[in-house]
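The structure under discussion appears below in the form of structure tokens.
Nothing in this text is a laboratory measurement; each read-out follows from the coordinates by a stated rule. In this text, all values refer to a predicted model and were calculated from it rather than measured experimentally. Here the Cβ is made from the backbone with ideal geometry for all residues, glycine too, and neighbour counts use every protein chain on show.
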2 protein chains.
Amino acid sequence: MEHTTEREIFERYVHRRGGRLTAERLRLFDEIFNQHGHVDADRLYRSMRRQGRKISRATVYRNLELLVDCGLVRRQRLGQRRYLYEHVHPGQSHDHLICRMCDRVVEFVSPGISALQRELARAHGFDPTEHTLQISGICLDCAGRASTETAASEES
Amino acid sequence: MEHTTEREIFERYVHRRGGRLTAERLRLFDEIFNQHGHVDADRLYRSMRRQGRKISRATVYRNLELLVDCGLVRRQRLGQRRYLYEHVHPGQSHDHLICRMCDRVVEFVSPGISALQRELARAHGFDPTEHTLQISGICLDCAGRASTETAASEES
DNA sequence: GTTCTGTTGAGAATAGGTCTCAATAAGCCG
DNA sequence: CGGCTTATTGAGACCTATTCTCAACAGAAC
């Protein structure tokens, strides 16, 4: 239940590839696993710099790629132009609702989707590895704000 | 059943916004509605230049945005870094299977998803406007090619 | 035709990510 | 520990796709 497990997976993965456990690499690992939800590369970079860690952007990107390759981190574009990274919780894949007004991202788990994925992929001769479902719409807060404003300028 | 209808929607939309029906705008409309499947901005640009149309990239992007705003065109990132555009066929939303080896994109229609979208959005207080479901995996061709290669180098 | 103002083209600017390469430092061995 | 090999790093150049800027242009209304 501790991070130990994922850390071990990571260390083994790095070794298997003939890689090295550098200080920067392990710090980035800790950094992303201490965040919850989505982070973008730049935020990780800045957050580490703020802590006085000397690390370069290139290293952040390189090691994020490594984490993605070993399956511990998922990289996605959720509407915006930049990639967002989040750690994978094995066995409990989730998807995202995105508010098109405030860009808020809400995670949800829908058991139905995996089955749907398998079925659809099979029907087209695909061997599915993963899916991404993004539902965009307007969240409660923004809907409230919008209707207030509309009411205020109602006149025609 | 003719394009006329969509063209009319577009013209009305432009007028409602106080916009003008410029030659470039209408040519881009024709161009994208003559393509089937997905196109990226650059391909539209080059295709129009090839036909001797004088148009700039900026204009292509600006008018694609207009088409997206008026709901006739959908803009998505299907894995790659660039946006892909496709015309919307009202009432028959589809989603995409993407081969992670050859980047091939296959469209599919799944009636179940709209219902799922509504249900999930409601559960989280969202007013859903649209969804994007991308399933990535390996297509038949690539799977075949991969297994052949694996067999060829089988020895351990 | 004139006027008003939205639109265009060309290229500069931006954003986010990737690449280069000399310097550094894991990991391994004695 | 000290040395060696080579993966990794940092800084900044580079790349690509898209957006922005602004003077010139051209729809639309009269």
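Overview of values
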item	result
Integer Hz, Karplus 6.51/-1.76/1.60 couplings in order for the stretch B:93-100, x for Gly and Pro	5, 10, 10, 10, 9, 10, 7, 7
Assigned charges on the beta-carbon of Lys, Arg, Asp, Glu; the protein assembly as shown dipole about Cα centre (debye)	1560 debye
Exposed GluC sites (Glu not before Pro) absent: longest stretch of chain B, with sites in DSSP loops and at most 15 other Cβ within 10 Å deemed exposed	B:3-153
Sites excluded, trypsin sites (Lys or Arg not before Pro) in DSSP loops with at most 12 other C-beta within 10 Å, longest stretch of chain A	A:83-156
Ellipsoid equivalent to the protein assembly as shown - semi-axes via the Cα gyration tensor, in Å	38, 26, 22
Equivalent-ellipsoid semi-axes of the stretch B:1-90, from the Cα gyration tensor, Å, largest first	19, 16, 13
Inter-chain shielding of B:118-125 (mean C-beta neighbours from other protein chains, 10 Å cut-off)	5
Label spacing, shortest first and in nm, from B:H15 to its equivalents in the remaining copies (7 angstrom along Cα→Cβ)	7.3
Other protein chain Cβ atoms within 10 Å, averaged over every residue that makes up A:96-108	2
Cα gyration tensor, the stretch A:55-95 - rounded (a/c under 1.5), prolate or oblate	oblate
Cα pair count fraction exceeding 24 Å, expressed as % - chain B	49 percent
Net charge dipole size for the stretch A:1-90 [Lys, Arg +1 and Asp, Glu -1 on Cβ; Debye, nearest 20]	480 debye
Exam field: B:R27 pseudo-label spacings to other copies (7 Å along Cα-Cβ), nanometres	5.5
Positive minus negative residues near B:H94 (Lys, Arg vs Asp, Glu; Cβ under 11 Å)	-2
Neighbourhood charge, 14 Å Cβ-Cβ cut-off, centred on A:R82 and excluding it, Lys, Arg +1 and Asp, Glu -1	+4
Antiparallel DSSP beta bridges within the stretch B:92-156, as percent of all bridges there, nearest 5	50 percent
Charge dipole (debye, nearest 20) of chain B; +1 at Cβ of Lys and Arg, -1 at Cβ of Asp and Glu	1000 debye
Label point 7 Å beyond Cα along the C-beta direction, distances from A:C102 to other copies (nm, shortest first)	4.6
